[in-house]
1. With open to solvent by 10 Å² or more (accessible area, probe 1.4 Å) and within 21 Å of LEU328 (Cα to Cα) as the only criterion, which of ARG99, ARG142 stands out?
2. All but one of (1) outside any helix (DSSP H, G or I); (2) touching a Leu at 6+ places or on another chain (Cβ under 9 Å); (3) basic (Lys, Arg) hold for ARG148, so report the exception by its number.
3. How about segment 440-460: which of its residues are open to solvent by less than 60 Å² (accessible area, probe 1.4 Å) and under 18 Å from ASP739 (Cβ atoms)?
4. Can you go through ALA377, ALA448, ALA370, ALA419 and tell me which one is within 25 Å of ASP540 (Cβ to Cβ), among the aliphatic types (A, V, I, L, M) and either part of a helix (DSSP H, G or I) or modelled with pLDDT under 95 (or both)?
5. State which residue pairs qualify: first residue closer than 23 Å to ALA634 by Cβ and assigned to a helix (DSSP H, G or I) and inside segment 382-410, second residue charged (D, E, K, R) and open to solvent by 80 Å² or more (accessible area, probe 1.4 Å) in any location, beta carbons under 8 Å apart, and separation of 6 or more residues or different chains.
6. State the number of residues belonging to segment 247-288 that are of a type in the set (A, V, I, L, M, F, W, C) and open to solvent by 10 Å² or more (accessible area, probe 1.4 Å).
7. Just for segment 713-733: of the residues that are open to solvent by less than 10 Å² (accessible area, probe 1.4 Å) and touching a Ser or Thr at 6+ places or on another chain (Cβ under 7 Å), which one is farthest from LEU428 (Cα to Cα)?
8. Tally time: how many residues in segment 330-355 are free of Cβ contacts under 8 Å to residues at least 40 places away in the same chain and open to solvent by 70 Å² or more (accessible area, probe 1.4 Å)?
Amino acid sequence: MVTTHNLGFPRIGKHRELKFALEKYWSNTISQDELLQTASILRKQHWQNQNKLDWVPVGDFSFYDQVLDMSFLLGNVPKRAENLSDNEIDNYFRVARGRAFVNESNRTCIQASEMTKWFDTNYHYIVPEFSQETNFTLQAQRLITQIRQAQEQGVKVKPVIIGPVTYLWLGKSKDKTNKLDLLDSLVKVYVQLFDELTKLGIEWVQVDEPILVTELELDWQVAFKKTYDTLANKSIKLLLASYFGTLQDNLSLACGLPIDGLHIDAINAKYEVQLVIDSLPDDKVLSLGVVNGRNIWKTDLSATLLWLESIHQQLQDRLWLAPSCSLLHVPVDLDSEQELDSDIKLWLGFAVQKLEELSLLAQALNQGQASITKEIASNINAINGRKYSPLVHNDKVKERIAKVKDGLGNRQSNYKDRAKLQSEKFNLPLYPTTTIGSFPQTLEIRQARRDYKLGKLSVEKYTQLMRSEIRNCVQVQEDLGLDVLVHGEPERNDMVEYFGQQLSGYAFSQFGWVQSYGSRCVKPPIIFGDISRPKSMTLDWITYAQSLTNKPMKGMLTGPVTMLNWSFVRDDQPRAATCLQLSLAIRDEVLDLEKSNINIIQIDEAALREGLPLRKSQWQTYLDWAIKAYRISANGVSNETQIHTHMCYSEFNDIIGSIAQMDADVITIETSRSDMELLDIFDEFDYPNEIGPGVYDIHSPNIPSVDSMVELMQKAEKRIPARRLWVNPDCGLKTRHWDEVNLALTNMVLASQQLRKN
């Protein structure tokens, strides 16, 4: 019989219950007991959603991030957060965001830990910190509590933890400590953990080691063998889980480890399945991720079964089926959607539906396909309906793509010549100040957008309200003394969704939320067809904002690569082809802005790096088409028009050459949490254009001091000439409160003024 299981379930709740509970707790409007009660209710609901599975994950629920959870389970808490409080949850939130409460004026604030992207996803994790003083101690009560709760509910529990080798690999040494020197002491804690789980009657533990799909150096490969030789335990079974890619040169390593089962991503590594079957010892389980955990398209049940039948004959009871990865990356339940086009809805599957597909696949293998005849017929109709739908295909778009020539992405002149003309045009001071684009999204703004969408506000009234917010943003920036202004983006719900709603080929869910980090949720648009721009998307708002000031106003756009990477993307054509369609649509908007005398235009590519394949040998292919798409979108303007781009929370040092090839006049990046460490690359690489290293960590409620920002910029000066430096936050300000923003930006302007005096 085929066994079914899941690697992880979305934790935020069907209606973002966790998000709202967290934000109420942080604002000190609900108690910790109320927060814990919300978490308990959500876990019960999620286990109920998975009750058809043979094994249900426990430990995948988190208040902020599963990597941070693992750090606390291992007792690896940064020194600055130790002994601040007897309350572990408050210390946990301090590590994640700097402090526990928004209104914590009389409580301890610390520097939040660094945050970066989880492999090639839009999920962010809190980076573990290591040093010579690192001492691991088991603190497993959170996990044990969840296991006992699940057992009381009758759940067949499979705990989920991050494996020790991946945990070390994900972290950062804060001194010169070799991370692998910590392996022995770390593995001892895992041994203790497995002993505790054995006492709870646990049979299987899922140990996530996703770094097996990356190119590992020899010492890390050796670390795997050493670690699992130590962890081999007859009293508890280990299911080693890899996902997001192919094993390739790590295949023999993974198959040869003394584990009881191996999970591989059969969506991304389908061609490796037979190789794994041939290499895996006969006493080990093979779990195949046959339902896509990263995208929302319906599984082709007939094609999948046709492929699985021979595998099932080979493996029999050793075959387990699962999604390709945790379902953290998809929305919870498609049944909540009432406004999606009926045809498009038929093509989709969210987390709940994916688990239903999994159960159907197992039933067909265990009982024969005749047992799901109706379901297969319905599935075939949906698959074929999408394949041949006129909603998907647009001949005009294809004709335009065919006419794209290589020179379309080139600027008229090189950066040095452009910079001189732009300096004369804008006459900005040294260390010019600006923001990344968005300003606080108040309850009033969100309510106005909601009422307009529901038809409760007329176009005229909505426009009046949004213009009032824009006037306020412009006035605040004038009063603060910022040099290059933005309109504040009150009309935008999300930097990708806003643009997608105005492009053909996009669809939108009502409740398709996924977690990005902490309480931050995004609702990725769905690219289902060929993309074009029917009309201008931002022109009216930006030109109105420019009419209110004599200072330059930045036009704010989202770049084609980010539009691609932060959407659920069609899987019936190469991603590069979809990205090229997006680049032409954004190019049209850029040229319209320039014609209307908006001569500073920011095209954000926050997600450029996360689209990188997990193996460096495949990077260049991606970078070639991604940089080409950006250049086509940005570089049709004159020399006097200044193009900015922004990248947030991405380690980009290893692709700095490609970033330079984007040829943006100004790039803004995150450097505040990493203490300007991201600028180390400029000791080796002579970056030719201007750069704004973010000095204000907008993901923390803490207010940066003038001195701290000056110090950060002085570190930047050592690598980049002052004439090419900008002063700015590290990301948009939409999630912050106005009182925080006013104080932080006041200090930022004062820091810039002090730097000019120096």
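1. ARG142
2. Condition (1) is where ARG148 drops out.
3. PRO440, GLN441, THR442, ILE445
4. ALA448
5. Going by the 8 Å Cβ cut-off, the qualifying pairs are GLY409/LYS628.
6. 6
7. The extreme case among them is LEU733.
8. Adding up the residues that qualify gives 2.
The values are calculated or read from the model by the stated rules, or taken from the named source; none is laboratory data. Keep in mind that what you see is a predicted model, and the values were worked out from it rather than measured. Because the Cβ atoms are built from the backbone with ideal geometry, glycine has one as well, and the counts that use them run over all protein chains shown. Areas reflect the complete protein model, heavy atoms only, side chains present, ligands, DNA and RNA absent. Shrake-Rupley method; radii C 1.70, N 1.55, O 1.52, S 1.80 Å.
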